[in-house]
Amino acid sequence: MTHPPTLILRQGQLLSPTGPSDCVDIAIEAGRITAIAPHLPQSAEVELNVQGQVISPPFVESHIHLDSAMTAGEPRWNQSGTLFEGIEIWRERKQSLTLEDVKERAIATLKQQAMQGVLFVRSHADVSEQTLTALKGLLAARDAVKDWITLQVVAFPQDGLYGGPQNEALMEEAMRLGADVVGGIPHYELTREDGVRSIHRIFELAEQYDRLIDVHCDEIDDEQSRFLEVLAACAIRTGMGSRVTASHTTAFHSYNNAYAFKLMGFLQRTSLNFIANPLINITLQGRADTYPKRRGVTRVKELWQLGQNVSLGHDCIQDPWYSLGTGNMLDVVNMAIHVCQMTGIPEIDACYNMVTWNGAKTLQVEPEYGIEVGKPANLIVLDASDRYDAIRRRATIRYVISQGKLIAQTTPPTPQWQGPEEVQSVFDQTGLLV
Ligand code: FE2
């Protein structure tokens, strides 16, 4: 016997990776999508007519540090704005971390993200401290939120895998405690040799514990920082490419083209995933430059043109490295379009895909991601007519449906013109504020 749906979304434009479809109805029952059709005859307890607005799979935040989120100014502000002052401030702040402190800030941030349509998150957890408090706090948060958001936790050796005598053992302990992903930071190891060695060790651990890999790779303006080639070589030799992610790769911005083009040939032999974090890297990078100042964001457009899987992340929300941010993925996309000069319509659409389908591929959650009959009912409705409109206006996320339940709704603001009447009629004609 089939049950009636508990929720029907009526007449929304269903986005696909290549464009919108015609308007459809979507039925949801017991947490899953049970039917998609131009007009569904059945009725449901809750029906939402979305009147042609965009229905999209949820946003994927593929790179964030929830353990440090919402600590900006603690114990002091990052006055230089550099990555390295951020690391120093975090070293001071993490002395006072408690499991509850980490867990509560993480859940508060995840709630803020979910309200804005993010239902899949990969967060790094600093595993450089003896107590592994950041990791334990995020693992506790992962469990606490699992009914409404999927959280992956990366064991991230912020101070280097070989930066302290205990760090390598702490990484192994993080694997045993249940971290989903092995992380790394080769450009911050004490020597280049340590950086290379750290990548080989990361691959060994990933194979031993059957985990994914996500390395902070070459997040520096130094054109001689060339650990991406090591990551690519390991991916080629192990065949693990699709399970491996290169995050940041900002030095790629500064490589000479002769080297960059050679490297791109190697990258094409892998299925590596790339994550750019344009909000933070446009503020962190180029700090040692006078003028011209480098943008420092990795070559997003070229990697996309090459066919590599590129996704986008916030990296930080209100922490020692980046004091701004709200968790809105449309802010991230907007910045990527500007910094990476991806203003053509196919490029704008591609940038939207980088915070949805591409992110799902990076996190390897594709089997449960996407709006198809039989899949978990995770979807969002945007107050927008298409991707371009959503990005340009940072569209309000009208409804967020997670595992079949409506978990958030937001009414778009409706500004009221109080000035001269003739101006009002111009607005009415142009629809500028509509
Ligand atoms: Fe990061």
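See the values below:
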quantity: Test: residue in region 297-317 that is modelled with pLDDT under 95 and farther than 19 Å from Pro346 by Cα; calculated: no
quantity: Any hit, region 205-225, residues being farther than 26 Å from Ala155 by Cβ, in the same structural domain as Gly86 (by TED's automatic domain parsing) and of a type in the set (A, V, I, L, M, F, W, C); calculated: no
quantity: In region 323-368, the residues that are among the hydroxyl-bearing types (Ser, Thr, Tyr) and within 15 Å of the chain's Cα centre (by Cα); calculated: Thr326, Tyr352, Thr356, Thr362
quantity: Residues satisfying the stated conditions in region 330-364, i.e. surrounded by 18 or more Cβ atoms within 10 Å (Cβ to Cβ) and not in a helix (DSSP H, G or I); calculated: Cys340, Met342, Met354, Val355, Thr356
quantity: Criterion violated by Ile26 - all others in (1) part of a loop (DSSP other than H, G, I, E, B); (2) crowded, with 24+ Cβ neighbours inside 10 Å satisfied; calculated: (1)
quantity: Cβ pairs under 8 Å, 6+ apart, first in region 54-81 and more than 29 Å from Pro367 (Cα to Cα), second part of a loop (DSSP other than H, G, I, E, B) and of a type in the set (Lys, Arg); calculated: Ser80/Arg287; Gly81/Arg287
quantity: Selected residue (only one of Phe227, Phe266 is under 28 Å from Glu88 (Cα atoms) and in contact with an Asp or Glu (Cβ under 8 Å, 6 or more places away or on another chain)); calculated: Phe227
quantity: Yes/no for Lys136 being charged (D, E, K, R) and under 19 Å from Arg93 (Cβ atoms); calculated: yes
quantity: Filtered residue count, region 77-86, keeping only those that are part of a helix (DSSP H, G or I) and crowded, with 17+ Cβ neighbours inside 10 Å; calculated: 3
quantity: Test: residue in region 208-216 that is under 22 Å from the mean Cα position of the chain (by Cα), of a type in the set (Val, Ile, Thr) and surrounded by 16 or more Cβ atoms within 10 Å (Cβ to Cβ); calculated: yes
quantity: Those residues of region 303-322 which are of a type outside the set (A, V, I, L, M, F, W, C), within 16 Å of the ligand (Cβ to nearest atom), in a loop (DSSP other than H, G, I, E, B) and within 17 Å of the chain's Cα centre (by Cα), in sequence order; calculated: Gly313, His314, Gln318, Asp319, Tyr322
quantity: Qualifying residue in region 133-142 (condition: without any contact (Cβ under 8 Å) to a residue 60 or more places away in the chain and over 30 Å from Gly31 (Cα atoms)); calculated: yes
quantity: Segments classed as helices (runs of 4 or more DSSP H), wholly inside region 97-181, with at least 2 members that are under 16 Å from the mean Cα position of the chain (by Cα); calculated: 99-115
quantity: Test for Glu421: is it free of Cβ contacts under 8 Å to residues at least 24 places away in the same chain and outside the structural domain of Glu45 (by TED's automatic domain parsing); calculated: yes
quantity: Pick from region 35-51, criterion touching a residue at least 24 places away in the same chain (Cβ under 8 Å) and under 16 Å from Ile371 (Cβ atoms), ranking: farthest from the chain's Cα centre (by Cα); calculated: Leu40
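A quick yes/no check of all residues on (1) in contact with a helix residue (DSSP H, G or I) (Cβ under 9 Å, 6 or more places away or on another chain); (2) within 15 Å of the ligand (Cβ to nearest atom); (3) farther than 19 Å from Gly86 by Cα:
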| site | (1), (2), (3) |
| --- | --- |
| Trp148 | yes, no, yes |
| Asn167 | no, no, yes |
| Val181 | yes, yes, yes |
| Pro186 | yes, yes, no |
| Val196 | yes, no, yes |
| Leu205 | yes, no, yes |
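The values are calculated or read from the model by the stated rules, or taken from the named source; none is laboratory data. Source: prediction; values computed, not measured. Note: ideal-geometry Cβ built from the backbone for every residue, glycine included; neighbour counts use all protein chains shown.
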